[in-house]
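Novice: Sharing a structure with you now.
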Amino acid sequence: MSEIRWVSETKCDGATLLISAYCVMHSGAGYYIGRYSKDLDGECKGMIGPWDRNSGYYRTKENAEQALKEGYESDDNTSAEVSKDYLYNNIN
């Protein structure tokens, strides 16, 4: 995991969470675009894990990085919109 850039804070079940910028993530199903969360003060204090998945899965990290670069547009990466046409045409 490369360095995570935290861009917002939210409350969830009484815990304060940091939310990352959109980034390329990986699971057993492949690479995808999503965000991480970090529990600051709750039951899982200090734990970092996936917050959401905002794309389909890609076979390679490079394809996911290209989709993130070209398919998302946002001034601050906190509320990025992805072109569904772009993702549909570029998911392998």
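No lab work stands behind these numbers, since they all come straight from the coordinates. Keep in mind that this is a model prediction, so the values were computed, not measured. Because the Cβ atoms are built from the backbone with ideal geometry, glycine has one as well, and the counts that use them run over all protein chains shown.
Novice: Sticking with the crude label model, points 7 Å out along Cα→Cβ, report the distance from THR16 to GLU43 in nm, one decimal please.
Specialist: Spacing of the two 7 Å Cα→Cβ label points: 2.0 nm.
Novice: Regarding region 1-53, what's the average projected area of the Cα-atom convex hull, expressed in nm²?
Specialist: 3.7 nm²
Novice: Still on this structure, please answer the following. Full extension from LYS69 to ASP52: what is 0.36 nm times the residue separation minus their Cα-Cα distance, to one decimal in nm?
Specialist: 4.3 nm
Novice: Still on this structure: When a footprinting reagent is the concern and you count Cβ atoms within 10 Å, what order do MET25, MET47 take, fewest first?
Specialist: Listed from fewest to most nearby Cβ atoms, that is MET47, MET25.
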